[in-house]
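So the structure is just underneath, and the comments pick up after that.
Laboratory data are not the source of any read-out in this text; all were calculated from the coordinates shown. None of these values were measured; they are calculated from a predicted model. Using ideal geometry, Cβ is built from the backbone for each residue, glycine included, and neighbour counts are taken over all protein chains shown.
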Amino acid sequence: MITVVLGLQFGDEGKGKITDFLTSHYQVAVRFSGGNNAGHTVVVDGKKYKFRLISSGSLQSETVILGNGMVIEPFALLEEIDTLRESKGKAKIRISKMAHVVTPMHKFLDVKEEEVRGKLSLGTTAQGIGPTYEDKYARTGIRMADLLDPEIIRQKIETIYMMKQSLLADSEFADSKRREQIVRDLFEAGKKLEPYLEYTEVTLRRLYDSGKSIIFEGAQATMLDIDFGMYPFVTSSNAVAGAISTGAGFPFRKVDYVLGVAKAYMSKVGAGPFPTEMLGKEADDLRELAGEYGTATGRPRRVGWLDLPMLKYTTALNDVDGIALTRLDTLGDLDRIKVCTSYRRDGKELDYIPRSFKDMEGLDLVYTEFDSWGKIDHEIIKQDKYQALPQNLRNYISLIEKELGIPVDVLSLGEGRENTLIRDKSRLKDQY
Ligand code: GDP
Ligand code: IMO
Ligand code: MG
């Protein structure tokens, strides 16, 4: 079974939780995009695990792969490997030699570029993601395999410095001794990471050929995708399902099941259009109730109502087979629940998602309302008794399924691994 788990909104949908939950049925877990801009939370027996670079599948899989499409901060990765070992995660770690390396210079540039953008700054995670992908596409980037040769690191650091000198001139990086320090630090990190480095697309193919089940864990989300998101308020990589081909070297035709993760309301960190955003007290109340603060940065997340036109778009783009709907417990705590069912302009329904502030002008959002459903009995969840869930909750799920024409296969009703209900086990193919 080959499965892709990915975000259908603006990130933080609960991809980590869902990936961990499913991974007991998979031997291999793969990240194929992004870097430590991602923050994926898993809660097992009340213990919280936060994954940034390593897949959230690492608690239950045999092997985890960090694919070539990723941008990796080596020092952060070494820390995360240590943390995983302390948490008794035994998964074998394999890192693509072709993944790109985030250096302290890239992190500095991330902040500097935001300053230059001024009013168009997007509120990045300041992890150096954008500048590292810039170097990848400028063909000046440092790859993981380069970390094994100090001369290559030096050449590349100098090239990047020369190319970005206008932004680096007044910084600590103008000092050649500081740059030399980076070379030494990266080489040191490289020596520690060498045992993990491989051509992981070859590893992945071998594992596939030997019959292993593989789960791909998306990072960021479709509306943050560099091409299809709310550009320029996006990340610098592709976050759609198809990115497993370029980001892990795994053929997309082999995928059996695409599981799109959506939060039952929505959240967004950073700037940019957010059509169903709540404002004022309504937003503050939900943010506090849900503890909506970024896993990666601690920033308060913007919150809004579920946007079905957006989900129609993102499920189609990713050819989603089933939906995992998270945070249904949080939504059940509200008095009234709203869902956006269409975007209209001059009374006519739009069949696309506007992607710029200009296109957003004059837009009317149509909402439907639901009564709340309150707390859910945990016995119902444990026994996967969908029919025993409150009628109001089932009405809400029915509307989503009717509008999208896609089943809600997984319901998440709490942060813990055990608070997850599978609607119909036969839908998840031969794994259940
Ligand atoms: P990711 O980036 O998509 O993996 O999501 P994050 O981990 O950044 O953010 C999701 C947050 O919601 C985390 O704090 C999770 O522990 C939490 N979470 C996920 N699913 C549920 C759920 O169904 N109910 C509740 N209460 N919390 C959830
Ligand atoms: P996970 O995988 C939520 C957002 C940032 C910013 C924009 C660009 O945990 O869902 P970047 O640092 O990537 O250049 O920032 O993208 N962003 C995320 N928002 N969840 C994430 O990842 C995100 N990764 C990036 O807030 O608006
Ligand atoms: Mg997150």
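Taking the Cα centre of each part, how many Å lie between the range 23-40 and the range 155-231? If we compute the Cα centre of each part, the gap is 16 Å.
Assuming 1.567 mPa s and 4 °C, estimate D for the chain with Stokes-Einstein, Rh taken as the Kirkwood radius over Cα pairs, in µm²/s. Display every interim value, and only then the final one.
On the way: Rh = 22.3 Å.
Diffusion coefficient, whole number: 58 µm²/s.
3J(HN,Hα) along the range 218-233, derived from phi through the Karplus expression 6.51 cos²θ - 1.76 cosθ + 1.60 where θ = phi - 60°, amounts to x, 10, 6, 6, 4, 7, 10, 4, 4, 8, 9, x, 7, 3, x, 8 Hz, with x in place of Gly and Pro. Overall, the anisotropy analysis places the range 170-236 in the oblate class: the square-rooted eigenvalues a ≥ b ≥ c of its C-alpha gyration tensor yield a/c not less than 1.5, with a/b not exceeding b/c.
For a straight C-alpha distance cut-off of 16 angstrom, the aspartates and glutamates reachable from K382 (same-chain residues fewer than eight places away being disregarded) are D45, D329, D409, E415, E418, D424.
Distances between placed amide hydrogens fall under 5 Å for L306 paired with M266, C340, all partners being 5 or more residues away or on another chain.
Our coupling estimate for the range 111-127, obtained by passing each phi through the Karplus curve with A = 6.51, B = -1.76, C = 1.60 and θ = phi - 60°, is 5, 5, 5, 4, 4, 5, 5, x, 5, 8, 5, 10, x, 5, 7, 6, 9 Hz, Gly and Pro reported as x. Distance from the Cα centroid of the range 109-133 to that of the range 283-318 is 22 Å (rounded to whole angstrom). At full extension, R117 and D45 could sit 21.5 nm farther apart than now, given 0.36 nm per residue minus the alpha carbon distance. With the simple model of a label 7 Å out from the Cα in the direction of the Cβ, K92 to K375 spans 4.6 nm.
How would E418, E134, E115 line up from fewest to most surrounding beta-carbon atoms within 10 angstrom? Walk me through the numbers before you get to the answer.
Values: E418 13, E134 18, E115 9.
Fewest-to-most Cβ neighbours within 10 Å comes out as E115, E418, E134.
Counting helices only, and only those DSSP H runs with n ≥ 4, report the 222 nm mean residue ellipticity of the chain as the sum of -39,500 (n - 2.57) divided by its residues, in deg cm²/dmol to the nearest 500. Mind showing how you got there, number by number?
On the way: 15 runs with 146 residues, N = 432.
Value at 222 nm, helices only, nearest 500: -10000 deg cm²/dmol.
Each Lys or Arg adds one and each Asp or Glu subtracts one; over the other residues with Cβ under 13 Å from the Cβ of P195, this totals +3.
In summary, the lysines within cross-link reach of K88, defined as a Cα separation below 24 angstrom excluding same-chain residues under 8 places away, comprise K15, K17, K47, K48, K50, K191, K192, K212. Under a 5 Å amide H cut-off, with hydrogens placed 1.01 Å from N, K92 pairs with T63, V64 among residues at least 5 apart or on other chains. About its Cα centre, the dipole of the chain is roughly 740 debye, where the only charges are +1 on Lys and Arg Cβ and -1 on Asp and Glu Cβ.
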